[in-house]
Amino acid sequence: MKLTQNKILAGSAIILSVFAVIAGSPFSSKKSYINPEQFADTLISKKQNLTVVDLRDKKDYNDYHIPSAINVNATRIDPSTFDQKNMIVLYSGRDNISKTIQYKFEKEGFKKAYFLNGGIDDWMNKIIFPVLLKNSSEAEKKNFENIERRSMYFGGQPEREDENSVKKIYRREGC
Amino acid sequence: MSAPFFIHGFFGDGTSLLIAVIIGIFFGFFLERGGLGNATKLVGQFYFYDMTVFKMMFTAIITAMLGLFWLSYFGFLDLSLVYLIPTYILPQIVGGFIFGIGFVMGGLCPGTSCVALTTGRIDSFILILGMIFGVFVFGEAFPLIRNFYYSTPMGNATFPRLLNASYGTLVFVVVIIAIVGFVGVEKIEKKFANK
């Protein structure tokens, strides 16, 4: 069999993709983010000294913010005014602001600074308005009891989808 | 030092725009060299006698996908900082159909129409005028379609999240689909070549 350029390229792609299966995830092991569920549990447990920072506009912050969050303007935030010993969770809307600011903290030597994965949108969808879809498995139904308890703690409205209910999805208009 | 360089503050707005222009020129150059500035060639995709678009797009997809995966894995790029356009499934399907109809009618997509213009093709000039007119109409009509535009939100929907599979597995699946596709479309091209 003659090895053409195309065959060599295809072979290389296959080899790299096989190694990708073994590697699994392209993300580095050090997590710079925290998922809404994990974050909610951290807030409930009160075990950590936690600083929650809302990087959105004052208006959005006043409309709704995660309990205990302080509002800091993203352009004026100064990591040196925060305590490095505290766990810091930064969140914003549907954008990269919280990720950028988290990197700023990391560069300043903060070991426990995270951005909230999915921002306020995922917080609303997963913690405040979680929905148990119709046709969910028994395991999912059982797990939803925990999700409901967590949601209620934050004053949320969990919903079990049935024939008469309409799925609620939090949506923030505009970018 | 790792990418994305702009988010990490290695350069400012002005430099980022300059880099965007340079990348754009290279993108256009390779599209033109790949023959995608030619409407006849692009339309061949829809009649199955020339599958260059499929081959070029899938080559670009697997090159970028493998590149991003391994650059991120070795810490040269923070993939979590790469912006994903949020999914609004229904309006995006409708948008895709409108785009597809325009593509098959005009024979060019927005990028390739600009590329075609550089080689002096008049049809591309008319298409670009139409595109600007379309952008204007869309902008003016936006208040009317705003609710539809933001309907069926799915957040940053990615296949690993939707299918609950690892990124690596999906990389492998896409590479296999591409390679099987390359072999398949070569056969299709031969079949439809003289039709």
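The values are calculated or read from the model by the stated rules, or taken from the named source; none is laboratory data. Since the structure is predicted, the reported quantities are computational estimates derived from the model, not experimental observations. Every residue, glycine as well, gets a Cβ built from its backbone with ideal geometry; the counts of neighbours run over all protein chains shown. Keep in mind that these areas ignore ligands, DNA and RNA; they rest on the heavy atoms of the full protein, side chains included. Shrake-Rupley method; radii C 1.70, N 1.55, O 1.52, S 1.80 Å.
Using a 1.4 Å probe and counting only protein heavy atoms, how much accessible surface gets buried when A and B come together, both sides summed, in Å² to the nearest 100? Let's see the in-between values first.
On the way: alone 11710 and 13510 Å², together 22580 Å².
Approximately 2600 Å², summed over both chains.
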Seminar exercise, completed: The alpha-carbon pair-distance distribution computed for chain A, with 5 angstrom bins and whole-percent values, is 1, 7, 13, 16, 15, 12, 11, 8, 6, 4, 3, 2, 1, 0
For this session: Jot down the radius of gyration and Dmax of region B:36-120, Cα atoms only, both in angstrom.
Result: 16.3, 44
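With helices defined as uninterrupted DSSP H runs, which ones in chain A have an alpha carbon span along their own long axis of at least 20 Å and mean Kyte-Doolittle hydropathy of at least -0.5?
Numbers: long enough: A:5-23 (27 Å, 1.64); A:138-153 (23 Å, -1.81).
Helices meeting the criterion: A:5-23.
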Exercise. Where is the GNM fluctuation largest for chain A (alpha-carbon springs, 10 angstrom cutoff): A:PRO36, A:PRO158, A:PRO26?
Worked result: A:PRO26
Problem set entry | Computed [θ] at 222 nm, deg cm²/dmol, chain A (DSSP H ≥ 4; -39,500 (n - 2.57); rounded to nearest 500) | -11500 deg cm²/dmol
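Please work out the average accessible area per residue across chain B, using the 1.4 Å probe convention, and give it in Å². All intermediate terms of the calculation are to be shown ahead of the outcome.
Numbers: 12220 Å² over 195 residues.
Accessible area per residue: 63 Å².
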Seminar exercise, completed: Kirkwood radius from Cα pairs of chain B plugged into Stokes-Einstein at 37 °C, 0.692 mPa s, gives D in µm²/s equal to 167 µm²/s
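May I ask you to work out the translational diffusion coefficient for region B:27-84 at 37 °C, viscosity 0.692 mPa s, via Stokes-Einstein with Rh from the Kirkwood sum over Cα pairs, reported in whole µm²/s? Intermediate values should be presented prior to the final figure.
Details: Rh = 13.2 Å.
D = 248 µm²/s.
If you take every DSSP beta bridge fully contained in the protein assembly as shown, what fraction is antiparallel? Give it as a percent rounded to 5.
Working: 2 of 18 bridges.
The answer is about 10 percent antiparallel.
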Exercise. Which residues of region A:75-112 end up with at least 30 Å² less accessible area in the presence of all protein chains than when their chain stands alone, using a 1.4 Å probe?
Worked result: A:ARG94, A:ASN96, A:LYS99, A:THR100, A:TYR103
Seminar exercise, completed: Working note, the protein assembly as shown: Cα radius of gyration (Å, one decimal) and Dmax (Å, whole number) are 24.2, 73
Problem set entry | Exposed trypsin sites (Lys or Arg not before Pro) absent - longest run of chain A, DSSP non-H/G/I/E/B, at most 11 other C-beta within 10 Å | A:135-166
Problem set entry | For B:ILE98, solvent-accessible area (1.4 Å; no DNA, RNA or ligand), Å² | 120 Å²
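State the dimensionless ratio Rg/Rh of region A:1-64 (Rg: radius of gyration of Cα atoms; Rh: Kirkwood radius). Write out the running numbers ahead of the final one.
Details: Rg = 23.1 Å, Rh = 16.9 Å.
Ratio of gyration radius to Kirkwood radius for region A:1-64: 1.36.
Using a/c under 1.5 as the rounded threshold, could you call region B:75-172 rounded, prolate or oblate? The axes a ≥ b ≥ c are square roots of the C-alpha gyration tensor eigenvalues, and prolate needs a/b larger than b/c, oblate otherwise. Mind dumping the intermediate values first?
Details: a/c = 2.42, a/b = 1.49, b/c = 1.62.
The shape class here is oblate.
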